[in-house]
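Reading through the structure tokens given below for one structure.
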Ligand code: ADP
């Protein structure tokens, strides 16, 4: 079975064609500048040079047509015709409080995705355009929506409700949803499998640390808590996002700087985080680590503050689950930044975590990095959201 995975953004569209026989990626690519002058498709097939098409893409319809053309191209293609694609899996940001898991798309599903435009204003409209473009270009194929919010839907009300007047929950479903859900679902499930954790011993903390960062606690693959909230702004300090802060900060700055709440939110999403703490040096942890090593105090502050919040969150989840059986690191930082991993885990000697310094040198591949006598096993486990979407698509097609 071959599954096309689509991640449609407002002006971009990423895709992968995965052969589910062996879960190998046959081709992948990116359409950029959809709806803007200078659109471009870059199509990659393992073992071949990149195939670049510079053609107008006024909408996602033309983008999908070009993707299909590239997939069946005599030289760069990987299938003889679009008929060989069995199903399409779509990454959808927000399923609101309606969808607790992935679902095969029909008119009712599209209606809910539309109703959630308010909750995911940057992503849901684009996700729907991607779905409708695929339906048009490949009529009759099964399309599956995999929601980034679904993993967080298993939280108990005491974990997802904000302590604000009930009417806002009743009227607008203002609650914590949690994002990166597809990654947390994949990594928690793979950790259970890879570590061979028996039933009853499947308390897993997943640290997805990248440009966007979040941590989840789950038992048997079901989330019990997650650090992002109504939007991906809540929780950890991130590359350019502030993470948690006293909401009164928003009012204070808006009043004193005479800016709107919208402008303030742009600042909190795009100009904050480690970028801001480092004095606008960089949001990239490699730059921050090398600057800190050269004695840059602001870079050091940014890294220390990031670590402090990660440690508090892991510690909180250890308390919530009365311990953990495994901790897994994923995302660009989680998979590659051995020094950050080690400095985070040093805070958990009280919980009996012991790290093997040699094994912790691993980058970007699966490995157990704790010692055999560690009370909690610790892993590096690269995330693969596309594969998670493809598996869900097979399951529901
Ligand atoms: P996104 O959230 O955009 O998917 P990624 O998960 O790709 O982000 O993470 C990107 C971040 O990973 C970069 O900003 C960088 O800080 C960090 N990173 C990647 N490689 C390394 C490395 N070798 N050492 C430290 N940090 C790294």
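Distance between the modelled labels on residue 49 and residue 258, one decimal in nanometres: 5.7 nm (7 Å Cα→Cβ projection). For the chain, DSSP calls about 65 percent of its internal beta bridges antiparallel.
Applying 1/(1 + (r/R0)^6) with r as the Cβ-Cβ distance of residue 289 and residue 350 and R0 = 22 angstrom yields a FRET efficiency of 0.25.
What does the C-alpha gyration tensor say about the overall shape of region 235-360? Classify as rounded when a/c is under 1.5, otherwise prolate if a/b is larger than b/c, or oblate. Don't jump to the answer; show the numbers that get you there.
Working: a/c = 2.71, a/b = 1.55, b/c = 1.75.
Oblate, because a/c is 1.5 or more while a/b does not exceed b/c.
Please work out the C-alpha center-to-center distance from region 104-158 to region 361-379 and express it in whole Å. For region 104-158 versus region 361-379, the Cα centre distance is 36 Å. Does anyone have the angle between helix 181-195 and the longest principal axis of the chain? Alpha-carbon axes, 0 to 90°, nearest 10? Taking Cα atoms only, the helix is inclined about 70 degrees. Full extension of the chain between residue 297 and residue 24 gives 93.8 nm of extra length, using 0.36 nm per residue less the Cα-Cα distance. Answer rounded, prolate or oblate for region 13-135, using the Cα gyration tensor with square roots of eigenvalues a ≥ b ≥ c: rounded when a/c is under 1.5, else prolate when a/b is larger than b/c, else oblate. In terms of gyration-tensor shape, oblate.
Under the 0.36 nm per residue contour assumption, what length would be gained going from the current alpha-carbon distance of residue 280 and residue 141 to full extension? Kindly include the intermediate steps, with their values, before the conclusion.
Numbers: separation 139, 0.36 × 139 = 50.04 nm, distance 4.72 nm.
Taking 0.36 nm per residue and subtracting the Cα distance, the gain is 45.3 nm.
Nearest 10 degrees is fine. How inclined is helix 248-257 to the longest principal axis of the chain, computing both from alpha carbons? Approximately 80 degrees, to the nearest 10.
Placing pseudo-labels 7 Å out from each Cα toward the beta carbon at residue 101 and residue 311 gives an inter-label distance of 3.9 nm.
Between helix 261-270 and the chain there is an angle of about 90 degrees, using the helix long axis and the longest principal axis of the Cα atoms. Would region 97-198 count as rounded, prolate or oblate if I go by the C-alpha gyration tensor, calling it rounded below 1.5 in a/c and otherwise prolate when a/b exceeds b/c, oblate otherwise? Verdict is oblate for region 97-198.
The label point for residue 81 and the one for residue 172, both projected 7 Å from the Cα toward the Cβ, are 5.1 nm apart. Comparing Cα centroids, region 309-337 and region 22-68 end up 36 angstrom apart.
Coordinate-derived values only; no laboratory data. Remember, it's a predicted structure, so these values are computed and weren't measured experimentally. Cβ: placed from backbone, ideal geometry, glycine included. Neighbour counts: every protein chain shown.
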